[in-house]
Amino acid sequence: MLAFLGCTTAWAQDIEPRQYANTPIGVNFLVLGVMQTEGGLAFDSALPVSDPQLETSAGALGFARGFELLGYSAKIDASVPYAWLSGSADYLGKTVERNVDGFGDPVFRLSANLYGAPPLQLKDFRSYSQDLIVGVALQVSAPLGQYDDTRLVNIGTNRWFFKPSIGVSKAIGPWILETTGAVTFFTDNDDFFGGNRREQDPLYSIQGHVIHSFRSGVWAALDATYFWGGSTTISDAVRNDLQRNWRVGATLALPVNARNSIKLIASDGVSARTGNNYSQFGAFWQYRWGGGI
């Protein structure tokens, strides 16, 4: 059983299957991961650049814990990346280059399953079988990452975001069908490039997953997500950067033993109105303890 595998970092267009899988009460998860992104900027899909040719390598550290909240099964997780970014992009007809490394903005999330996933100790999972799960979550990113107001491209974003979401997961034999809807609200960046103020409208998203579980504990997923909205204003000048972005991906989770497991991810942009498509690959190792393991 892989109840949780891999905290997400602050990627702008993340894809995450099994977000609302029931998690044993009292079990802790430590996650280490590496990610490689090529093309656009994964941290900020609405940055005012064109023709981005950027490469980002990142290591991520995450922690999660399952617990009971007001009679519901819940999970809290946190993650922070350290990234190396290099490449170029066009801004106002000029090519700008960037070579930088530093911590990205940390991400925190509280999620709870409101239906179909009762709070259970690990020993009780033998008798639990998923049917329909309905869950909610709130993800928050804090502006603590690397940021230089004299440079256009940074790893941190110098603003908060708040992302409430609701998801539904339905098991049909060895298959699980999932969908999640979310909206991301951004605070203003009052110290944007050149001393400007940058505002961004809410960014809406929906993602879907088709997951197959095998008797060995391996599971695989085909993933897709669509983002729209998120237009920006820079010092009261409205930009023509409304997003309508499609991404598809795949996930493979491999158990090693009772405490260790590995997850591999890959995703690619299908289309992006703002021209900020990118390809992404990653590998995560998870260690779990507590809760009677």
### Nonlocal Lys pairs with alpha-carbon distance under 30 Å, the chain (8 or more apart, or different chains)
8
### Task
Please give the length that would be gained between V140 and I262 if that part of the chain were fully extended, namely 0.36 nm times their separation in residues minus their C-alpha to C-alpha distance (nm, one decimal).
41.4 nm
#### Entry: Length gained when the stretch N196-E97 is fully extended (0.36 nm per residue, less Cα-Cα span)
33.6 nm
## Note on the structure
Length gained, Q130-F63, 0.36 nm per residue minus C-alpha separation, equals 21.7 nm
### Task
Would you work out the relative contact order for the stretch 28-289, in percent, from Cα pairs under 8 angstrom that are 6 or more residues apart?
17 percent
### Query
Given the convex hull over the Cα atoms of the stretch 204-293, what projected area results after averaging over all orientations, in nm²?
8.4 nm²
### Simple Cβ-charge dipole of the chain, Lys/Arg +1 and Asp/Glu -1, about Cα centre, in debye nearest 20
1060 debye
### Query
Sorted from largest down, what three extents in whole angstroms do the Cα atoms of the chain have along their principal axes?
62, 31, 31
### Query
Assigning unit charges at the beta carbon (Lys, Arg +1; Asp, Glu -1) and nothing else, what dipole magnitude in debye, to the nearest 20, does the stretch 187-293 show about its Cα centre?
640 debye
### Message
Just want the answer: with Cβ charges of +1 for Lys and Arg and -1 for Asp and Glu, which residue in I155, T179, S213 is farthest toward the dipole's positive end in the stretch 107-265?
### Response
S213
### Query
What residue among T233, P48, S271 has its Cα farthest toward the positive end of the dipole of the stretch 28-289, where the charges are +1 on Lys, Arg and -1 on Asp, Glu, each on the Cβ?
S271
### Message
Along the Cα→Cβ direction, 7 angstrom out, place labels at L254 and I172. What is the inter-label distance in nm?
### Response
2.9 nm
### Environment charge at P143 (Cβ cut-off 15 Å; Lys +1, Arg +1, Asp -1, Glu -1)
-4
### Query
So for the pair S279, S235, with labels modelled 7 Å out along Cα→Cβ, what separation do we get in nm?
3.8 nm
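Coordinate-derived values only; no laboratory data. Since this is a predicted model, take the numbers as computed values, not measurements. For neighbour counting, all protein chains shown are included, and Cβ atoms are generated from backbone atoms with ideal geometry for every residue, glycine included.
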